[in-house]
Amino acid sequence: MARLAMLIDLKACVGCAACSVACKMENEVPVGGSRLWIREREMGTFPNLTVEYRPEQCAHCENPPCVPVCPTGATYQNEEGLVLVDYHKCIACSACVAACPYDARFISKAGYVEKCTFCAHRLARNEEPACVTTCPTYARVFGDLDDPDSDINKAIQAAGQGHVLRPELGLKPKVIYVNPPSKQGLTRKEAQL
Amino acid sequence: MSEFFYGIPNTEPFWTGLKTLHYVLVGLAGGMAVLAAILTLRQHPDRNRYLWLAGLFILLDMFVLWAGSSARWYFSQFWLFLSFEPRAPIWWGTWGLSSALASVGLILLKTWVPLLKRIPEMLLGTVMLVGGLVALAYPGIALVVNENRPVWNEMMLVIFPVTALLMVLAVAMLLGSAWARRWEVMAAAVTVALLVAYPLTLQGEAREHFMREGLLVYATAGVLVAVALVLFRNPRLAAGLGLAGAVGLRWMLVQVGQIQAPGL
């Protein structure tokens with residue numbers, strides 16, 4: 001069983017938001033909600049200034065808090081570790097929205113819960129997620145954490161260390177950041193990948 | 001440090017309007033089912049009146065829950081009853097309310113449907129009691145499981161059932177049931193104690209957020225329940241104040257607690 005994950009190199013990310021636009025286009029995400037957004041932080045004082053661009057999205061946690069709270073089983077984890085929503089079972093109770101520590105879910109205008117799927121429909125065609133193929137600086141790497149030869153594992157090794165958001169919750173999120181200029185939200189504990 | 005966004009993080013409140021109202025009504029529905037079940041099991045003469053009320057509140061709560069869902073016209077609503085998800089508090093709440101409603105319905109229908117007389121009333125009363133207790137407890141559990149939302153801490157497990165009983169006993173007092181008075185005084189006293197203790201259990205930014213966004217309603221609710229405690233010689237006024245305080249408190253906790261824990 002694969003453990004699909006996304007690595008984002010924050011040193012390479014220039015905050016162009018092409019990933020966000022590609023996600024909207026690929027998944028026809030309606031106005032008013034986002035499956036993927038960029039957090040921009042300006043830090044320090046002149047002349048010691050830093051800007052961080054941090055894309056955020058569903059982290060497809062290994063221990064997802066959104067799955068057990070779903071009363072209909074609409075939110076589930078598939079064999080590859082992707083956390084997905086069966087729209088036909090979703091009652092829009094927002095229990096999963098409340099449980100998500102990354103604000104990654106929202107109720108769409110169609111009436112059910114939406115979130116990043118790592119472009120599961122593209123993965124089924126052996127294509128990478130739209131945000132990965134669109135990134136002009138190659139800041140995103142997608143792959144299987146269980147495969148030691150995968151690009152994502154090589155990228156983590158090259159960076160020396162991977163970080164995840166809010167590691168203190170023990171959710172084992174699978175959106176991994178490397179080379180973060182600021183470590184806000186990333187540093188409470190070493191990331192456990 | 002300043003922050004900007006490209007795209008929109010989904011930080012808007014997710015339980016608003018009718019969904020928040022459900023967190024108030026489910027207390028009345030579950031609490032009334034517990035009350036009706038106890039009266040049924042004890043063969044109390046007030047039994048029928050409270051059975052009707054329990055049925056009414058449960059139906060009203062279920063209607064509000066359904067009307068508040070953006071998926072209200074989809075078949076997915078039936079999945080609540082076709083799924084087996086015992087890890088989900090809402091699944092338990094659904095079955096708690098449904099089993100209590102079914103028991104209420106069967107007991108009331110006994111008058112007109114002779115076939116139903118074979119079902120022992122003790123059995124139906126027990127099912128109603130269990131279902132009512134589940135509905136009473138479920139909102140607090142549904143909030144506490146969200147470890148990322150620090151305002152909803154373990155105190156919710158006590159505050160929600162106690163305020164539900166406060167509301168239900170207040171309704172009983174407004175209806176003139178003298179037996180409710182003693183229990184209402186106890187529920188009000190426990191609620192005041194919980195209201196004093198709860199802010200002390202909050203820490204850091206969660207406490208600041210709570211004080212900034214919810215203090216006014218919280219303090220008002222606390223004063224209403226405390227005044228009710230003093231005015232119990234005037235049962236109807238005390239019941240009205242207790243009911244208003246409990247409603248305001250539950251509403252406020254659901255609204256204000258939707259803040260995400262700091263850290264992102």
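Restricting B:192, B:134 to residues that are surrounded by fewer than 20 Cβ atoms within 10 Å (Cβ to Cβ), touching a helix residue (DSSP H, G or I) at 6+ places or on another chain (Cβ under 9 Å) and farther than 29 Å from residue B:11 by Cβ narrows the list to B:192.
Rundown of residues vs (1) modelled with pLDDT under 95; (2) of a type in the set (S, T, N, Q); (3) not in a helix (DSSP H, G or I), yes/no style:
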| residue | (1), (2), (3) |
| --- | --- |
| B:168 | no, no, no |
| B:171 | no, no, no |
| B:188 | no, no, no |
| B:194 | no, no, no |
| B:205 | yes, no, no |
| B:211 | yes, no, no |
| B:218 | no, no, no |
| B:232 | yes, no, yes |
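Note on region A:43-68: among residues that are open to solvent by less than 20 Å² (accessible area, probe 1.4 Å), of a type outside the set (A, V, I, L, M, F, W, C) and under 18 Å from residue A:104 (Cβ atoms), the one that is nearest to the other protein chains (Cβ to nearest Cβ) is A:56. Only residues that are more than 22 Å from residue A:164 (Cβ to Cβ), of a type outside the set (A, V, I, L, M) and more than 9 Å from chain B (Cβ to nearest Cβ) were counted in region A:9-42, giving 4. When we screen B:221, B:228 for residues that are closer than 23 Å to residue B:140 by Cα and open to solvent by less than 10 Å² (accessible area, probe 1.4 Å), the only hit is B:221. Of all residues in region B:81-121, none satisfies the criterion of being within 14 Å of chain A (Cβ to nearest Cβ) and over 26 Å from residue B:138 (Cβ atoms). For residue A:131, the criteria (1) at pLDDT 95 or above; (2) open to solvent by 20 Å² or more (accessible area, probe 1.4 Å); (3) not in a loop (DSSP other than H, G, I, E, B) hold in every case but one, which is (2). Is region B:147-155 home to any residue that is part of a helix (DSSP H, G or I) and touching a residue at least 40 places away in the same chain (Cβ under 8 Å)? Within region B:147-155, not a single residue is part of a helix (DSSP H, G or I) and touching a residue at least 40 places away in the same chain (Cβ under 8 Å).
Residue count for region A:94-130 under the criterion of being in contact with a Ser or Thr (Cβ under 7 Å, 6 or more places away or on another chain) and at the interface with another protein chain (Cβ under 7 Å from one of its Cβ atoms): the result is 3. Each residue in region B:6-18 was checked for being of a type in the set (A, V, I, L, M) and either more than 7 Å from every other protein chain (Cβ to nearest Cβ) or more than 30 Å from residue A:14 (Cα to Cα) (or both), and 1 of them qualify. Only one of B:39, B:28, B:21 is crowded, with 19+ Cβ neighbours inside 10 Å, more than 10 Å from every other protein chain (Cβ to nearest Cβ) and either at pLDDT below 95 or more than 20 Å from residue B:140 (Cα to Cα) (or both); which? Checking each option against the conditions leaves just B:39.
The values are calculated or read from the model by the stated rules, or taken from the named source; none is laboratory data. Since we're looking at a predicted model, the values are computed, not measured. Using ideal geometry, Cβ is built from the backbone for each residue, glycine included, and neighbour counts are taken over all protein chains shown. With ligands, DNA and RNA removed, areas are computed over all heavy atoms of the protein, side chains included. Shrake-Rupley method; radii C 1.70, N 1.55, O 1.52, S 1.80 Å.
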